[in-house]
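Take a look at the structure set out below.
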Amino acid sequence: MRTATATAPGTRLCSAVLVVTDGTPRSRDVVMRSVGAGYNVVVVGRQAHDVVDYLNADLHEQVWAFIADPADPEQVSNIIEHAIDIAGPLMMIIDPAGLLADVDAADRRVA
């Protein structure tokens, strides 16, 4: 018998990562490797074209996309809160392009 949990469908505890993307192939590779490894992935981009590839029916239970400015600590804090709510506890933040302005503050919010 299955029991209800407070996490999103398909979410395993401590199995989520947040990826700050700049829309480059390198960022896409990081996202797709994370998905392939079984992680829930929250993708944050500065513009819609940075995240549009992840608004895909094949990924809808494992990937969530947001638009935010990674240079604004308040926006990053809000995204982290939303990411935890929808994808489960975050294990790490991956920022392949170095777009986060306050990495230390963001790191303190994850496992």
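The table below gives the values:
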item: Interchain or long-range residues, amide H under 5 Å from L90's placed H; result: A111
item: Anisotropy class of region 18-87 from Cα gyration tensor, a/c 1.5 cut; result: oblate
item: Difference of contour (0.36 nm per residue) and Cα-Cα distance, R108 to D29; result: 25.9 nm
item: In nm, spacing of pseudo-spin labels at M92 and D69 (7 Å Cα→C-beta vector); result: 2.9 nm
item: Counted charge near G23, where neighbours are those whose Cβ lies closer than 15 Å (Asp, Glu -1; Lys, Arg +1); result: -3
item: Karplus 3J(HN,Hα) series, Hz, for region 92-98 with 6.51 cos²θ - 1.76 cosθ + 1.60 (x for Gly, Pro); result: 6, 10, 10, 10, x, 9, x
item: Packing-based ranking, highest mean first, of 72-82, 17-27 given that Cβ atoms within 10 Å are counted; result: 17-27, 72-82
item: V19 long-range amide H proximity, modeled H, under 5 Å; result: V42, V43, V44, I94
item: 3J(HN,Hα) from dihedral phi, region 73-83, Karplus parametrisation 6.51/-1.76/1.60, rounded to Hz, x for glycine, proline; result: x, 5, 5, 5, 4, 5, 5, 4, 4, 5, 4
item: Heavy-atom SASA rank of V103, V41 (probe 1.4 Å, accessible area, largest first); result: V103, V41
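The values are calculated or read from the model by the stated rules, or taken from the named source; none is laboratory data. Note that the structure is predicted; figures quoted are calculated from it, not measured. Reconstructed Cβ throughout: ideal geometry from the backbone, glycine too, with neighbour counts over all protein chains shown. The accessibility values were calculated without ligands, DNA or RNA, using every heavy atom of the protein model including side chains. Shrake-Rupley method; radii C 1.70, N 1.55, O 1.52, S 1.80 Å.
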